[in-house]
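Peer 1: Before we start, here is the structure in question, set down as structure tokens.
Please treat every number below as a calculation from the coordinates, not as lab data. Just so we're clear, the structure is a prediction, and the values are computed from it rather than from any experiment. Ideal geometry is used to build each Cβ from the backbone, glycine not excepted, and the neighbour counts take in all protein chains shown.
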Ligand SMILES: Cc1cc2nc3c(=O)[nH]c(=O)nc-3n(C[C@H](O)[C@H](O)[C@H](O)COP(=O)(O)OP(=O)(O)OC[C@H]3O[C@@H](n4cnc5c(N)ncnc54)[C@H](O)[C@@H]3O)c2cc1C
């Protein structure tokens with residue numbers, strides 16, 4: 001007879017892995033279409049932790065995650081999850097309004113900001129061209145995240161609690177009887193509850209289950225690794241255009257640049273377009289005094305958003321035993337510890353780990 005799991009999570013990226021990690025005392029099946037978990041968006045991020053990224057309704061999840069990042073449970077990992085980097089939000093030439101908007105957005109938050117004038121920017125960051133060095137905000141808490149270690153820590157911890165991970169197991173059919181019957185490319189399974197952690201495929205999975213989609217849009221984002229002359233200073237912060245046309249940061253003597261593209265795409269193994277690589281180089285050269293020597297590598301990934309750009313966590317309003325864990329957009333790594341813990345508590349109807357975070361704002365019912 002087929003074993004009936006309590007919970008089957010579809011998708012073993014950061015969303016599914018972090019949720020699996022925080023589930024307590026249940027038989028959990030984690031199904032992943034690819035042979036390697038993390039192949040899609042999770043493995044393609046810029047790997048930063050920036051408290052302001054995603055806006056004030058994402059910041060509580062990011063800030064709450066910091067506790068876990070700084071002090072993960074014993075045995076979770078052998079190396080630090082975060083490395084301090086700092087963040088520098090630059091005003092585009094003639095547009096200090098973009099900085100004012102950022103300050104206004106976070107006026108009620110405890111985040112520390114330092115306003116920098118032209119003299120301070122020039123003396124601290126000679127890499128920034130004078131026309132971009134008129135005004136800036138320094139966000140000191142920003143860090144790099146070791147994404148691979150975080151993801152492996154969640155998967156390893158989940159496995160130690162008994163989670164059964166099956167790769168190469170694309171879910172192709174979902175039928176609800178007494179339990180969900182789950183057809184996959186690796187065989188048939190059964191579970192009482194389905195969790196949709198399928199990233200860009202979240203709406204497709206919902207349709208497969210007879211659940212109304214929430215209206216997810218996968219938006220392509222490109223990253224380009226540049227060799228520059230001179231190489232970037234190792235202590236350069238992540239540098240962001242406050243108006244949102246690029247960000248870049250140093251990594252192992254190279255520069256990682258994104259042109260901040262958001263091109264509507266479809267769920268797939270997406271790849272960078274020439275135009276976005278060219279935009280990345282052009283935007284970097286307009287801001288930085290360093291010369292681009294060559295493109296070493298580039299990739300693209302899908303950042304998947306719900307219509308209001310907030311994630312979706314919680315049971316579906318209409319189909320019982322179908323739980324949403326999607327729409328992590330551009331913040332799914334930096335929010336994973338707090339979001340995973342919150343989602344697991346919602347899924348198991350336990351007390352929420354952080355009373356300051358209201359899960360109602362992330363409920364799927366807001367789209368009904
Ligand atoms: C260029 C770029 C930069 C980014 N930078 C950052 C950053 O600096 N900080 C940050 O916090 N976030 C960042 N993000 C966002 C972050 O990467 C995502 O929010 C996060 O990875 C989403 O995780 P996920 O598990 O939802 O998606 P995914 O990693 O895509 O996982 C979903 C999984 O579901 C599987 N799946 C889908 N359908 C099925 C099915 N039918 N059956 C079985 N399995 C299925 C897929 O194979 C996939 O592995 C960035 C994203 C991009 C693209």
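Peer 1: Scan the stretch 338-358 for residues that are more than 11 Å from the ligand (Cβ to nearest atom) and under 26 Å from residue 142 (Cβ atoms) and jot them down.
Peer 2: 338, 341, 342, 343, 353, 354, 356, 357, 358
Peer 1: Residues that are within 13 Å of the ligand (Cβ to nearest atom) and either under 25 Å from residue 320 (Cβ atoms) or more than 24 Å from the chain's Cα centre (by Cα) (or both): list the strands (runs of 3 or more DSSP E) wholly contained in the stretch 161-234 that include at least 1 such residues.
Peer 2: 164-166, 171-176, 180-184, 187-196
Peer 1: Any residue in the stretch 197-226 that's free of Cβ contacts under 8 Å to residues at least 60 places away in the same chain and more than 30 Å from residue 253 (Cβ to Cβ): show its pairings with residues that are within 12 Å of the ligand (Cβ to nearest atom) and part of a strand (DSSP E or B) at Cβ separation under 6 Å, as long as the two are six or more apart or on different chains.
Peer 2: From the stretch 197-226, the pairs are 208/174.
Peer 1: Does residue 280 qualify as being surrounded by 15 or more Cβ atoms within 10 Å (Cβ to Cβ), more than 16 Å from the ligand (Cβ to nearest atom), within 23 Å of the chain's Cα centre (by Cα) and not in a loop (DSSP other than H, G, I, E, B)?
Peer 2: no
Peer 1: Based on what the data block shows, is residue 272 farther than 24 Å from residue 97 by Cα and more than 17 Å from the chain's Cα centre (by Cα)?
Peer 2: Details: farther than 24 Å from residue 97 by Cα: yes; more than 17 Å from the chain's Cα centre (by Cα): yes.
Yes; evaluated as a whole, the condition is true for this residue.
Peer 1: Out of contact with any strand residue (DSSP E or B) (no Cβ under 6 Å at 6 or more places or on another chain) and either assigned to a helix (DSSP H, G or I) or at positive phi (or both): does that describe residue 345? Steps first, please.
Peer 2: Details: out of contact with any strand residue (DSSP E or B) (no Cβ under 6 Å at 6 or more places or on another chain): yes; either assigned to a helix (DSSP H, G or I) or at positive phi (or both): yes.
So residue 345 passes the test.
Peer 1: Further question on the same structure: Which of the residues belonging to the stretch 46-71 are assigned to a loop (DSSP other than H, G, I, E, B) and either surrounded by fewer than 18 Cβ atoms within 10 Å (Cβ to Cβ) or in contact with a strand residue (DSSP E or B) (Cβ under 8 Å, 6 or more places away or on another chain) (or both)?
Peer 2: Of everything in the stretch 46-71, those that are assigned to a loop (DSSP other than H, G, I, E, B) and either surrounded by fewer than 18 Cβ atoms within 10 Å (Cβ to Cβ) or in contact with a strand residue (DSSP E or B) (Cβ under 8 Å, 6 or more places away or on another chain) (or both) turn out to be 46, 47, 50, 51, 52, 55, 56, 57, 71.
Peer 1: I've got another one for you. Return the residues of the stretch 262-277 that are more than 11 Å from the ligand (Cβ to nearest atom) and surrounded by 13 or more Cβ atoms within 10 Å (Cβ to Cβ); say none if nothing qualifies.
Peer 2: The answer is 263, 273, 277.
Peer 1: When only residues in the stretch 176-190 that are closer than 15 Å to residue 208 by Cα and free of Cβ contacts under 8 Å to residues at least 60 places away in the same chain count, which is surrounded by the fewest Cβ atoms within 10 Å (Cβ to Cβ)?
Peer 2: The qualifying residue surrounded by the fewest Cβ atoms within 10 Å (Cβ to Cβ) is 177.
Peer 1: Taking the stated definitions as given, is residue 258 within 16 Å of the ligand (Cβ to nearest atom), farther than 28 Å from residue 182 by Cα and either surrounded by fewer than 17 Cβ atoms within 10 Å (Cβ to Cβ) or in contact (Cβ under 8 Å) with a residue 60 or more places away in the chain (or both)?
Peer 2: Yes.
Peer 1: Kindly check whether there is at least one residue in the stretch 173-188 that is in contact with a strand residue (DSSP E or B) (Cβ under 8 Å, 6 or more places away or on another chain) and within 22 Å of residue 303 (Cα to Cα).
Peer 2: no
Peer 1: Restricting the stretch 20-45 to residues that are more than 7 Å from the ligand (Cβ to nearest atom) and in contact with a strand residue (DSSP E or B) (Cβ under 6 Å, 6 or more places away or on another chain), which is nearest to residue 87 (Cα to Cα)?
Peer 2: Ranking the qualifying residues of the stretch 20-45, first place goes to 20.
Peer 1: Here's a check for you: in the stretch 109-129, which residue that is assigned to a loop (DSSP other than H, G, I, E, B) and touching a residue at least 12 places away in the same chain (Cβ under 8 Å) is surrounded by the fewest Cβ atoms within 10 Å (Cβ to Cβ)?
Peer 2: Taking the candidates together, the pick is 112.
Peer 1: Looking only at the stretch 146-160, count every residue that is closer than 13 Å to residue 26 by Cα and either buried (at least 18 other Cβ atoms within 10 Å of the Cβ) or under 21 Å from the mean Cα position of the chain (by Cα) (or both) and tell me the total. Step through it out loud before you land on a result.
Peer 2: Pass one, the stretch 146-160, residues closer than 13 Å to residue 26 by Cα: 158-160.
Next, only the ones that are either buried (at least 18 other Cβ atoms within 10 Å of the Cβ) or under 21 Å from the mean Cα position of the chain (by Cα) (or both) stay: 158.
The total comes to 1.
Peer 1: Please go through (1) free of Cβ contacts under 8 Å to residues at least 60 places away in the same chain; (2) surrounded by fewer than 23 Cβ atoms within 10 Å (Cβ to Cβ); (3) under 18 Å from the mean Cα position of the chain (by Cα) for residue 363 and return the number of the only condition it doesn't satisfy.
Peer 2: Among (1) free of Cβ contacts under 8 Å to residues at least 60 places away in the same chain; (2) surrounded by fewer than 23 Cβ atoms within 10 Å (Cβ to Cβ); (3) under 18 Å from the mean Cα position of the chain (by Cα), residue 363 violates only (3).
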